[in-house]
Structure formats: structure tokens, C-alpha cells
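Student: Let me begin by handing over the structure; questions about it come next.
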Amino acid sequence: MRIVDAANHDRADAGGIKVGGHQASSASMVGIMTSLWFDLLGREDKVAVKPHASPVYHAIKYLTGEIDRSWLPRLRAFGGLQAYPSRTKDPDVADFSTGSVGHGAVAPLFAAATRRYLQGRFELGTAG
């Protein structure tokens, strides 16, 4: 929640404009995402993060050492962390970009179907 608060209140270049942040939507995912990243996920697992939960995703990536702390106050700033996990715009590369309407749900389904198809026809090693 502090990441969103910083985006709305602490940024000097914001000129008093609030950028939003979906705090309730992020808060609803904290327990689930914490359990996933710190207890359940393996190297081969891929996750599509709920679009409005990007502050939680970025905080986890900071805690796992994948991004520097300096990125955290730059949520929704030009060149900063994205409001939706992005494979091309964020320094912590997401498994799936989820900002485009519908892609967050459809892309992982097609990726899973493709993986199952390939596993059924070829000898595949562990993803990594």
C-alpha cells in the first residue's frame, strides 16, 4: 500500500495529481501472492498476476532481490513501474503482461495448452 501512497502523495513531479492505484484490489491478493512466491512456486511455474495487484507483485520482486528499492516509489511514473505487470516495461519481468484487456486470462491458458501439447508429443525437460 505504501507504493501506491507514494505514487499519490510523495512524488514531487506529480503536481498534485493523484495517479490512483487500486489499493483494495492489491490488498485482496497479498495473502495469496505471498503464499505463492514464498512457499509454493517452483522454477517451472508461471503466473499471470491480476492486473491491479502489480504493487504487490513489485513489492515481492523487491523482497526476492529482483529489483532495487529505488523502483518502489516510482509506480506509475514515467519510466517507472507499471500499474499492470509488463514484460517489456518493468525491470522485474513478469511471466505474462496483464494490462491488455483479456490477455491476462487468455495468454496463460494458451501457454498451458501449448505446454501440454508439446509434452504429449516430445520429450521435454523442466522449464526454467
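Student: Round to the nearest 10 and give me the degree value, 0 to 90, for the angle of helix 103-121's Cα axis relative to the longest principal axis of the chain.
Tutor: That works out to roughly 20 degrees.
Student: How much accessible area per residue does the chain have, in Å², with a 1.4 Å probe? Write down the numbers at each step before the final one.
Tutor: On the way: 8030 Å² over 128 residues.
Roughly 63 Å² per residue, with all protein chains present.
Student: Now a separate question. Please state the Cα pair-distance histogram of region 29-70 with 10 angstrom bins from zero: what percent is in each bin?
Tutor: 27, 60, 13
Student: I would also like to ask the following. So, by mean Cβ neighbours within 10 angstrom, what's the order for 43-53, 68-78 with the highest one leading?
Tutor: Ranking, from highest mean packing down: 43-53, 68-78.
Student: Treating cross-link reach as a plain straight distance, find the aspartates and glutamates whose alpha-carbon is under 15 Å from the alpha-carbon of Lys61, omitting any fewer than eight places away in the same chain.
Tutor: Here the aspartates and glutamates satisfying the reach criterion relative to Lys61 are Asp39, Asp90, Asp92, Asp95.
Student: Figure the gain on full extension for Asp5 and Leu36 (residue separation times 0.36 nm, minus the Cα-Cα span) and round it to one decimal in nm.
Tutor: 8.7 nm is the gain from fully extending Asp5 to Leu36.
Student: Could you work out how far apart the two model spin labels at Arg115 and Asp45 are, taking each label as a point 7 Å from the Cα in the direction of the beta carbon, and quote it in nm?
Tutor: My value for the distance between the label points is 1.1 nm.
Student: With the crude spin-label approximation of a point 7 Å out along Cα→Cβ, what separation in nm comes out for Leu124 versus Ser28?
Tutor: Those two pseudo-labels are separated by 3.1 nm.
Student: Could the peptides 104-114, 54-64 be put in order, highest first, of the mean number of other beta-carbon atoms found within 10 Å of their residues?
Tutor: Top of the packing list down: 54-64, 104-114.
Student: Sticking with this one: When a/c reaches 1.5 or more, the comparison of a/b and b/c decides; with that in mind, is the chain rounded, prolate or oblate per its Cα gyration tensor?
Tutor: In terms of gyration-tensor shape, prolate.
Student: A further question follows. Within the accessible area of region 44-99, what % is carbon and sulfur when the probe is 1.4 Å and the other protein chains stay in place?
Tutor: 51 percent
The values are calculated or read from the model by the stated rules, or taken from the named source; none is laboratory data. Since the model is a prediction, treat every value here as computed from it, not as a measurement. Backbone-built Cβ (ideal geometry, glycine too); neighbour counts: all protein chains shown. Ligands, DNA and RNA are stripped out before the accessible areas are found, and what is left, the full protein with its side chains, is counted by its heavy atoms. Shrake-Rupley method; radii C 1.70, N 1.55, O 1.52, S 1.80 Å.
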